[in-house]
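Just so you know, all these numbers are worked out from the coordinates, no wet-lab data involved. Everything quoted here is computed from the prediction, not taken from an experiment. Heads up, the Cβs are rebuilt from the backbone with ideal geometry, glycines too, and the neighbour counts pull from every protein chain shown.
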Amino acid sequence: MENFKFTSDLVFESYGKDLKELFENTALALCSAIVDLDKVKAKEEEEFQMKGEDLEYTLFNWLNGIITVIEAENKIFSKFDVEEVDKEHVRAKMWGEALKPGIIKNKINAPDSSNFKVEKTNEGYKAIIGLKTE
């Protein structure tokens, strides 16, 4: 059993049988930490891509980029389709709508690099993600 010291405000685990599923599930978990996804319609499509120097940085940058889009465009996303992904880049489509103030659960500032880990498992991939909130 591993012992972790969590300094993040929120921590979650995400899984995927492959990198595509890991990135999609992690993005959904991020957005569900912000709002109740049942209240978000997948109306507007947006393309998004991100790079990193390795798998952990690519996933970290992916989440940080999604948070930036949420803040800059005042949108939230409820559907993700990763079209290309490897250890150094991800390209995806995401669908969502304008962020309504009444459905916000948490204001996420950024992923927390001190509580961020990605590992290969027998079943695929597992990520431990820490988030900083306001």
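Relative contact order of the chain: 35 percent, from C-alpha pairs under 8 Å at least 6 residues apart in sequence.
Here the stretch 1-129 is described by how far its Cα atoms reach on the three principal axes: 40, 31, 24 Å, from widest to narrowest.
Give the whole-number value, in cubic angstrom per residue, of the convex hull volume spanned by the C-alpha atoms of the stretch 47-105. Present the calculation step by step, with values, prior to reporting the outcome.
Details: hull volume 4.4 nm³, N = 59.
Residue-normalised Cα hull volume stands at 74 Å³.
Electrostatic tally near residue 36: other residues with Cβ closer than 12 Å to its Cβ, Lys and Arg +1, Asp and Glu -1, net +2.
Amide H contacts of residue 79: 95, each under 5 Å away and 5 or more positions distant or on a separate chain (H built 1.01 Å from N in the peptide plane; Pro and chain starts excluded).
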